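Read through the structure below, which is laid out as structure tokens, and then see the notes.
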Amino acid sequence: MKNIVILISGRGSNMEALIAARDAGNLPVRIAAVISNRPDAPGLETAARAGIVTHFINHKGFAGREAFDAALAECIDQFSPDLVVLAGFMRILSDGFVSHYAGRLINIHPSLLPAFPGLHTHQRALDEGVRIHGCTVHFVTPALDHGPVIIQAAVPVLDGDSESSLAARVLEQEHRIYPQAVRWFAEDRLQLANGRVRLAADTADSAVLISPEVR
């Protein structure tokens, strides 16, 4: 069973989805620790209630990004993780940190990458008038919100959508695809080569999930 460490900055709703999948027997991993860069992150209490070791390392106590990332990596490595999972971790990671965990660091982003990297993705989707929006799980590379795609989910952009209503629809899909991506990693079904992810064949699985409203 593979060890995973989850990094959060806030409530950690995607962390909650991973814990729920584990508890339901659908995610064969050991969540070794949950770590936050904010001591007041509500997700730390959620993780503790679930019996998971928690830590916080306040980024404000460090002179720069590299110093914080070094301390964070030292904490993470105590748990010998097979995979590090970013679940709403609101920090730009240094190249050295990303290289240290190359091939075992994943993130979920609230857009269909490469569209709309960065912040405010839902409002930007509305402003651009796109009809399909969604979310992406990907391996992390030094380029912000880029990296080999593991799985994506699409949702419709409806007439009358607000930023909050669209965000809620996307978040529902995030909670579906993140446990799936982690499960594939745990089952050694993800093959990373030449900047692309290949999923070991299984006719029951797809790397693209489409909301029923889109069909």
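The values are calculated or read from the model by the stated rules, or taken from the named source; none is laboratory data. Only a predicted model underlies this, so the values are computations on that prediction, with no experimental measurement involved. As a convention, Cβ positions derive from the backbone with ideal geometry for all residues, glycine included, and neighbour counts pool all protein chains shown.
Below is a table of values for the structure above.
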| quantity | calculated |
| --- | --- |
| Matching residues, the range 169-185, being hydrophobic (A, V, I, L, M, F, W, C) and over 15 Å from residue 124 (Cα atoms) | 171, 177, 181, 182, 184, 185 |
| Lone unmet requirement of (1) more than 18 Å from residue 85 (Cα to Cα); (2) at pLDDT 95 or above; (3) surrounded by 13 or more Cβ atoms within 10 Å (Cβ to Cβ) for residue 127 | (3) |
| Top-ranked residue of the range 40-72 - restricted to ones that are more than 16 Å from residue 14 (Cα to Cα) and among the aliphatic types (A, V, I, L, M), ranked as surrounded by the most Cβ atoms within 10 Å (Cβ to Cβ) | 72 |
| Condition check for residue 33: surrounded by 19 or more Cβ atoms within 10 Å (Cβ to Cβ), in contact (Cβ under 8 Å) with a residue 40 or more places away in the chain and over 30 Å from residue 161 (Cα atoms) | yes |
| Close pairs (9 angstrom Cβ cut-off, 6 or more residues apart or separate chains): at negative phi and not assigned by TED's automatic domain parsing to the domain that holds residue 66 in the range 83-107, modelled with pLDDT under 95 and part of a helix (DSSP H, G or I) anywhere | none |
| Contacts under 6 angstrom Cβ, first residue in the range 136-160 being on the phi < 0 side of the Ramachandran plot and without any contact (Cβ under 8 Å) to a residue 60 or more places away in the chain, partner among the basic types (Lys, Arg) and buried (at least 17 other Cβ atoms within 10 Å of the Cβ), 6 or more apart | 155/169 |
